[in-house]
Amino acid sequence: MTRLQVSPSGFAESVYWAEDLPALSGRSSSAYSRGTAPVEDYTIKLATDYATLRDAMLVREEQLGRDLFEEVVPVGATSATAGTFAQHGNYVNYRLRVAAPGAKQLRFDFGKLVLPEGAEAYFYNDARDFVMGPITDEQFSGPGFVTDIVAGAGVTFDVYLPEGSGEAFEMEQSSVYYGVVGMVPYSNGYGTAQSCNVNVTCGEGSGWVNERRATVLLLLQHGTGFCSGTAIENECRDNRPLIYTAAHCNDTGEQAPQQVVYRFGYEGLICDHPGGNPPPNRWVSFTGATLRASRGYNEFMLVELNQSLSRIEVPIAFAGWNRSTSLPSQTTTLHHAAGDVMKISHDARAPTTASVVLPPLG
């Protein structure tokens, strides 16, 4: 789980700042302080430009047949080749900044991220009004890690390592998701749904609080779009973090769910369209999942998040289900139309059934 934080002062109160840090053996170091840090010592400047990425994204949009909002830029940085280490008191600080000229927002794809026990990692933009973290070793599994969207053209990655654990820390930043299109801060899906969609913060959503807590927005890998999903309970009722979504949300193979961000609680602030974009401390994000089942012809996919959904600050519920073949008298749908804040749709008519002949497998 990754909680996005904005403090009244513009920076998360839980983030520490080290000053006058001595050098570690074999590592470079700098004196860090708010507003005076020598950023050139730990900054990677992407050797690309907005126009080139925009043209590349347009080509990929035509190939995929869908709108995109970001382009993947290789980085290839590791904790051994980029950034700085410095010691302060009983912890070691690792810091790396990525500068992407012209980017509207950034996301980070780590091919490998190993955090020792007790370590905390944070991401924040240059304006220091957007913070993601803390990220710990308990919040992801597998070698890779993908972050949620961070607004701005410059983002810093800060890791705080307990004394004596620095050698266990490993980082390989394989690529950056460079936000090409214009956006409202924190999600370029905000405001893109048509005005006929009703925000869940309207009266229509008042009787569906638990179901809203089970609804999740999926930010697909490589900026290929958005999907909606639902956290569902299983027969053991042990709160396994299972997410039910559509098969077309995974069009790149079995490993794709590991590169998806799953965002709960992304709701508008007011009823009127577009709804008021919520600040990042109103939702919670999870990264990475394992594919459990999928069938394209039935348009379903079941994934299991790498992290538990229990013991978090934002309330999350699990939707129930049954095997009844009886049709309900009416239907209600909660979803993130076009990646927008959560919407609600109600149909007072009973659904109907139809027979569909599917092509053979293979």
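None of the figures in this text is laboratory data; all of them are computed from the coordinates on show. Quick caveat, the model's predicted, so the values are computed rather than measured. Every residue, glycine as well, gets a Cβ built from its backbone with ideal geometry; the counts of neighbours run over all protein chains shown.
Okay, residues lined up against (1) under 15 Å from residue 302 (Cα atoms); (2) in contact with a strand residue (DSSP E or B) (Cβ under 7 Å, 6 or more places away or on another chain):
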{"residue": "194", "(1), (2)": "no, no"}
{"residue": "197", "(1), (2)": "no, yes"}
{"residue": "201", "(1), (2)": "no, no"}
{"residue": "207", "(1), (2)": "no, no"}
{"residue": "211", "(1), (2)": "no, yes"}
{"residue": "215", "(1), (2)": "yes, yes"}
{"residue": "219", "(1), (2)": "no, yes"}
{"residue": "238", "(1), (2)": "no, no"}
{"residue": "241", "(1), (2)": "yes, yes"}
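Just checking, does the stretch 312-323 include any residue being free of Cβ contacts under 8 Å to residues at least 60 places away in the same chain and more than 29 Å from residue 137 (Cβ to Cβ)? Yes, there is a match, as at least one residue in the stretch 312-323 is free of Cβ contacts under 8 Å to residues at least 60 places away in the same chain and more than 29 Å from residue 137 (Cβ to Cβ). List, please: which pairs have Cβ atoms under 8 Å, are six or more places apart or on different chains, and start with a residue in the stretch 289-306 that is closer than 16 Å to residue 220 by Cβ and end with one that is among the small types (Gly, Ala, Ser) and surrounded by fewer than 14 Cβ atoms within 10 Å (Cβ to Cβ)? Sorted first by the residue in the stretch 289-306, then by its partner, the pairs are 301/293.
Of all residues in the stretch 300-319, which are within 25 Å of residue 205 (Cβ to Cβ) and either more than 25 Å from the chain's Cα centre (by Cα) or charged (D, E, K, R) (or both)? The answer is 313, and nothing else.
Out of the stretch 193-222, which residues are assigned to a strand (DSSP E or B) and more than 30 Å from residue 72 (Cβ to Cβ)?
198, 199, listed by residue number.
For the stretch 71-180, list the strands (runs of 3 or more DSSP E) that sit wholly inside it and hold at least 1 residues that are of a type in the set (Gly, Ala, Ser) and either without any contact (Cβ under 8 Å) to a residue 24 or more places away in the chain or out of contact with any Pro (no Cβ under 8 Å at 6 or more places or on another chain) (or both); which are they? If you could, list the steps in order and put the result at the bottom.
Working: elements: 84-88, 91-99, 105-114, 120-125, 131-135, 154-162, 170-179.
Where strands (runs of 3 or more DSSP E) fall fully within the stretch 71-180 and carry at least 1 residues being of a type in the set (Gly, Ala, Ser) and either without any contact (Cβ under 8 Å) to a residue 24 or more places away in the chain or out of contact with any Pro (no Cβ under 8 Å at 6 or more places or on another chain) (or both), they are 91-99, 131-135, 154-162, 170-179.
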